[in-house]
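The values are calculated or read from the model by the stated rules, or taken from the named source; none is laboratory data. What you see is a predicted model; the values in this text were computed from it and never measured. Note: ideal-geometry Cβ built from the backbone for every residue, glycine included; neighbour counts use all protein chains shown. Remember, those area values only see protein heavy atoms, side chains included, never the ligands or the DNA or RNA. Shrake-Rupley method; radii C 1.70, N 1.55, O 1.52, S 1.80 Å.
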Amino acid sequence: MIVSLIGLPGSGKSTVGRQLARRLQLPFFDSDHLIEQQLGCSIREYFEREGEDRFRDVEESVIDELTQKQTGVISTGGGVILRPANRQHLRERCRVVYLNSSPDELFRRLRHDVNRPLLQVADPLARLRDLHTLRDPLYRETAHFIIETGRPSVATLVNMIVMQLELAGVPLKPLNSPP
């Protein structure tokens, strides 16, 4: 089983994904981290040097590879859903959880983060609102489950995801564990 987390930058995909993987005893994959390893530089540097389209090409290749794994929890980049191939691979090969956060909540979390290329603008809150308006329908189209993040703890979010997976009948035991 592969669980993939999608959502806007700062919605908690990496943090929640790490804890979810630990809880389910599955390997954890952070697509942005794997992309940076492949590029040999930060996403921000690559974005500035090569542009968003080139970055999305690399991201699409990494997502295709990750979604073909047998088991794991994947944390994706916030814009992963912009490419139809990514939406298709995630939807067909994974159980996709959309961590939905309001732009105001994201701004509170990210206002001092200088490593997010799309937020290096004069009005980051307006940018987050625009991103939410643009991307929310694509996240919803891709997701099997939607979790409203609000302010619960990471442990609470992990519990909410596990409960949704259980209610949907998704097998949660690792392949090599006893019944």
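Counting only heavy atoms of the protein chains and using a 1.4 Å probe, GLU48 has close to 130 Å² of accessible surface. The Kirkwood radius of segment 78-179, taken over pairs of alpha-carbon atoms, gives through the Stokes-Einstein law at 20 °C and 1.002 mPa s a diffusion coefficient of 138 µm² s⁻¹.
For segment 74-168, what is the accessible area per residue in Å², given a 1.4 Å probe and the full set of protein chains?
Normalised by residue count, the accessible surface of segment 74-168 is 50 Å².
Measure off, as a whole percent, the carbon and sulfur share of the 1.4 Å-probe accessible area of the chain, all protein chains present. It is 48 percent, rounded to a whole number.
Restricted to Cα atoms, segment 43-110 shows a radius of gyration and a Dmax of 13.5, 36 angstrom. Note on ASP53 and ASN159: their simple-model spin labels are 4.8 nm apart, each label 7 Å out from Cα toward Cβ. Between GLU92 and VAL170, the distance separating the two model label sites (each 7 Å from Cα on the Cα→Cβ line) works out to 1.9 nm.
In whole Å, what three semi-axes, largest first, describe the equivalent ellipsoid of segment 1-104 built from its Cα gyration tensor (square root of 5 times each eigenvalue)?
Working: eigenvalues 87, 47, 37 Å².
Calculated on Cα positions only, the semi-axes equal 21, 15, 14 Å.
Ranked from largest to smallest solvent-accessible area, with a 1.4 Å probe on the protein heavy atoms, ASP53, ASP64 come out as ASP53, ASP64. The alpha carbons of the chain occupy a box of 53, 33, 25 Å along the principal axes, longest dimension given first. So how tilted is helix 52-66 from the main axis of the chain? Cα-based, degrees 0 to 90, rounded to 10. Orientation of helix 52-66: about 10 degrees from the principal axis. Ranking SER102, SER42, SER11 from most to least accessible surface, computed with a 1.4 Å probe over the protein chains only, gives SER102, SER42, SER11.
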